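Structure record follows, encoded as structure tokens.
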Amino acid sequence: METLTRKEEEIMQILWDSKEAFVKDIIEKLPEPKPPYNTISSVVRILEKKGFVGHKAFGKTHLYFPVIEKKAYRKHAFKNLIKSYFEGSYKNVISYLVKDEELSEKDLLELNELKELLKSKEK
């Protein structure tokens, strides 16, 4: 699976949330300043070539829908992030979160829940 550009990911997020959309619908959900129609249309066609998006034709208009599930791409992107920035180590990810980020009480409770989950997996 290919890694997407930021703009491609932004459009995929809209399609995952919407389930299906015309280019004009995608543009409506993008922040200001709105990009030109042709720009978004081109990005959607690139996503289709990459196998992320399919379409239903209604004359010259196309209704686009995601082919790749968000969950599958999230797994790919997360593995890529860990490989690229944390030397492939989940320990380095957790260590970074604990040492370099200011964790709230809620975050600390969630980390304890993860610890318990890991303990139960070991058994």
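At-a-glance table
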{"item": "Extended-chain gain in nm, criterion 0.36 nm per residue less alpha-carbon gap, E32 and N112", "result": "24.8 nm"}
{"item": "Taking the chain and dividing mean pair separation by its residue count, relative contact order in percent (alpha carbons under 8 Å, at least six apart)", "result": "21"}
{"item": "Sparse-neighbourhood loop sites, trypsin sites (Lys or Arg not before Pro) in the stretch 21-60 - DSSP loop, at most 12 other Cβ within 10 angstrom", "result": "K60"}
{"item": "Diffusion constant of the stretch 6-66 at 10 °C, which comes from Stokes-Einstein with the Kirkwood Cα-pair radius and 1.306 mPa s, µm²/s", "result": "140"}
{"item": "Taking the convex hull of Cα positions in the chain, its mean projected area over all directions (nm²)", "result": "10.5"}
{"item": "Cβ-placed point charges (K, R +1; D, E -1), dipole of the chain about Cα centre in debye, nearest 20", "result": "620"}
{"item": "Long-range amide H partners of G54 with built H, under 5 Å", "result": "F65, V67"}
{"item": "Cβ charges +1 (Lys, Arg) and -1 (Asp, Glu), total dipole of the stretch 6-66, debye", "result": "260"}
{"item": "Positive-end extreme of charge dipole, the stretch 6-66 - chosen from S18, H62, P31 (charges on Cβ)", "result": "H62"}
{"item": "Inter-site label distance for E2 and H76 at 7 Å from Cα along Cβ, in nm", "result": "0.9"}
{"item": "Candidates V93, V53, V67, ranked by Gaussian network fluctuation over the chain, Cα under 10 Å, top entry", "result": "V93"}
{"item": "Most mobile listed residue (E20, E110, E48) in the chain, GNM with C-alpha springs under 10 Å", "result": "E110"}
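Only the coordinates and a few stated rules stand behind these numbers; no lab work does. The structure displayed is predicted, hence computed values, not measured ones. Here the Cβ is made from the backbone with ideal geometry for all residues, glycine too, and neighbour counts use every protein chain on show.
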